[in-house]
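Please read the structure below before turning to the comments.
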Amino acid sequence: MEDDPILPPTGPLRRQAAWLERYDPPLRLTEEGRVISVGDGIAWVSGLPSTAMDGVLDFADGSRGMVFDLSEGRIGTVLLHQTAALAVGTAGRSPRGTLRIAVSNDLPGRVIDPLGAPLDGVAACEPAAWYPLKAKSPPITARDFVHKPLYSGIAIIDTLIPIGKGQRQLVIGDEGLGRSSVALDAVINQRGKGVCCVYVLIGQKRSAVVNTIQTLRQYQALEFTTVVVAEASALPGLQYLAPFAGCAIAEFWMRQGRDTLVVYDDLATHAKTYRELSLLLRRPPGREAYPGDIFSVHAELLERATCLNAAAGGGSMTALPIVETLQGEIAAYIPTNLISITDGQIYLDRNLFAGGFRPAIDVARSVSRIGGQAQHPRIKEEAGRMKLDYLQFLELEVFTRFGARLEASMEAAIQRGRTLREILKQDRLSPQSIEYQMAWLVAFNEGLFADTPVENIAVCLRALMGRMEHTDLSLDSPREAWVASVTQWLRQTGLGGVHEQAT
Ligand SMILES: Nc1ncnc2c1ncn2[C@@H]1O[C@H](COP(=O)(O)OP(=O)(O)O)[C@@H](O)[C@H]1O
Ligand SMILES: [Mg+2]
């Protein structure tokens, strides 16, 4: 074995004396630190004076960490990979640069961890480039207004709370109300639309992870989706990095001029992980014990979602962050932060869910601040007044509960509202094409459902959907053509629809 030029060799004294004889230490320029404590997914390291925040740390045993805290005399690192051999005294070095993930056009269909390591038992793909996990968001000069629609396939969203490509739309609600289902439906609906999707699962149970992947596969959506997973049992450092990894992958495609959709499921868990790490690293806690910079962490992440202008390639990144509320409390710290960072929110309500209205999206509390500009003009024309009318109906309906007598016009408005509510009910995993949505919008606005009993609506809609497969009507077809076809189709169902006046 080669003797170390700086440390004396072990062995017989004679050998050590000989070593001393020719002692001429060379200049060694690497810095080396030592672990001074390790546990709970973090390690404190001494030495390494020139390390910077977010720097990578490679330990002698093969473990890996990221610099998370710089204090006097020691640095706090979160572990991203930990071997059993990592212990007090293990040496650590800091190579230059920050964390990067290997990206490639072979990623769709793969399940990877936030550092790019495959989790699906297949060999890692050949990297086309290395993208930094933490990157600056595109400058204003490279951005364009959100102007292209991104269809989720969910009727309430596409008609009343439309999303545009490059928009950041929060999905918010209590656990178990269908937030993940909304996001998953939106991903599945991108089939055949050329949108690259990334689904990031943060701190979820393995069963939920497996379910998500299986659903994606079953609906042929895995082939254009990359799944980034940091399970609940993964190191907190990995869970913290997961959304950044997903974002970096989407950036790779966005820079190629492609449209991308990223789901962060969910950022409440992400915030909790960040809080855990920060408390372990003894950072001062702020509101709800979250560190003061949690807002900027999420803002930095979501600012990277945008629509690039033609000069910058014209790609886009749409983000669907999910956040969990407790007892529907949207005024809690993390939900309010995210509401203020994003361009709108889709709010899921427990009472609606319990009442059988699914997806349990509360139209009154959901909003899309910029998606309206991206909506197709024809859809906008048909759905334009619908949101207001529907909200009015919901208020009116409360009156009818007290048995108040209403004017005939109000009675009609309520009837219309009930019909619309029935139309907007939609099972999960049954995306609606935008043409089909156009069909029922036209039918509804023409009053073709006015005489249809509410319990027959679902059957009528199914018949309508069946007809859509054999039509060449498009959004750009003249309205008269739509009206004529839809009237004829509904009349053929013979289910008491089609208002006299409309014929
Ligand atoms: N549109 C829907 N129609 C019927 N059931 C739904 C719908 N959306 C969600 N669900 C059901 O609600 C439950 C919770 O959905 P999930 O998406 O896992 O909620 P979350 O992510 O908010 O915890 C699931 O059992 C799912 O089948
Ligand atoms: Mg979920």
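The values are calculated or read from the model by the stated rules, or taken from the named source; none is laboratory data. Because the structure is predicted, anything quoted here is derived from the model rather than measured. Positions of Cβ are generated from backbone atoms using ideal geometry, with glycine treated the same way; all protein chains shown enter the neighbour counts.
Couple of notes before you dig in:
- For segment 441-468, a residue qualifies if it is small (Gly, Ala, Ser) and in contact (Cβ under 8 Å) with a residue 40 or more places away in the chain, and the qualifying residues are Ala443, Gly447, Ala450.
- Conditions (1) in contact with a Pro (Cβ under 6 Å, 6 or more places away or on another chain); (2) free of Cβ contacts under 8 Å to residues at least 60 places away in the same chain: number failed by Leu170: (2)
- Pair list, Cβ < 7 Å and 6+ apart or interchain, from segment 295-324 residues that are in a helix (DSSP H, G or I) to residues that are within 16 Å of ligand 2 (Cβ to nearest atom): His298/Leu267; His298/Leu338; Leu301/Pro243; Leu302/Pro321
- Meets criteria (assigned by TED's automatic domain parsing to the domain that holds Ser366, within 15 Å of ligand 2 (Cβ to nearest atom) and either farther than 24 Å from Ile249 by Cβ or without any contact (Cβ under 8 Å) to a residue 24 or more places away in the chain (or both)) for Gly192: no
- For segment 84-97, the criterion of being at pLDDT below 95, basic (Lys, Arg) and either assigned to a strand (DSSP E or B) or surrounded by fewer than 17 Cβ atoms within 10 Å (Cβ to Cβ) (or both) is met by at least one residue.
- Candidates are the residues of segment 417-432 that are under 15 Å from Gly355 (Cβ atoms) and assigned to a helix (DSSP H, G or I); the one that is nearest to ligand 2 (Cβ to nearest atom) is Leu424.
- Within the option set Met317, Met254, being in contact with a helix residue (DSSP H, G or I) (Cβ under 6 Å, 6 or more places away or on another chain) and over 14 Å from Asn337 (Cα atoms) holds for one residue only, Met317.
- Of Glu300, Glu329, all but one fail to be of a type in the set (Asp, Glu) and under 14 Å from Ser137 (Cα atoms); the exception is Glu300.
- Residue in segment 319-342 that is under 18 Å from Gln426 (Cβ atoms) and assigned by TED's automatic domain parsing to the domain that holds Val198 present: yes
- Scanning segment 329-344 for residues that are within 16 Å of ligand 2 (Cβ to nearest atom) and either in a loop (DSSP other than H, G, I, E, B) or under 22 Å from Val198 (Cα atoms) (or both) gives a single hit, Leu338.
- Residue within segment 139-151 that is within 16 Å of ligand 2 (Cβ to nearest atom), at pLDDT 95 or above and either closer than 23 Å to Val297 by Cα or buried (at least 18 other Cβ atoms within 10 Å of the Cβ) (or both) present: no
- Within segment 235-268, the residues that satisfy the criterion of being hydroxyl-bearing (Ser, Thr, Tyr) and either under 26 Å from Ala331 (Cα atoms) or within 16 Å of ligand 2 (Cβ to nearest atom) (or both) are Tyr240, Tyr264.
- All of Ala360, Ala364 fail the test of being closer than 30 Å to Thr269 by Cα, among the aliphatic types (A, V, I, L, M), touching a helix residue (DSSP H, G or I) at 6+ places or on another chain (Cβ under 9 Å) and within 16 Å of ligand 2 (Cβ to nearest atom), apart from Ala360.
- Within segment 446-466, the set of residues being more than 34 Å from the chain's Cα centre (by Cα) and either of a type outside the set (A, V, I, L, M, F, W, C) or not in a helix (DSSP H, G or I) (or both) comprises Glu446, Gly447, Leu448, Phe449, Ala450, Asp451, Thr452, Pro453, Glu455, Asn456.
- The residues in segment 214-238 that are in a helix (DSSP H, G or I) and crowded, with 19+ Cβ neighbours inside 10 Å can be counted, and the count is 7.
- Among the strands (runs of 3 or more DSSP E) confined to segment 125-206, the ones with at least 2 residues that are within 16 Å of ligand 1 (Cβ to nearest atom) and among the β-branched types (Val, Ile, Thr) are located at 170-173, 195-202.
- Restricting the first member to segment 122-135 and to residues that are under 14 Å from Val103 (Cα atoms), and the second to residues that are of a type in the set (Phe, Trp, Tyr), the beta-carbon pairs closer than 8 Å and six or more apart or on different chains are Ala128/Phe252; Ala129/Phe252; Tyr131/Phe252; Leu133/Phe244.
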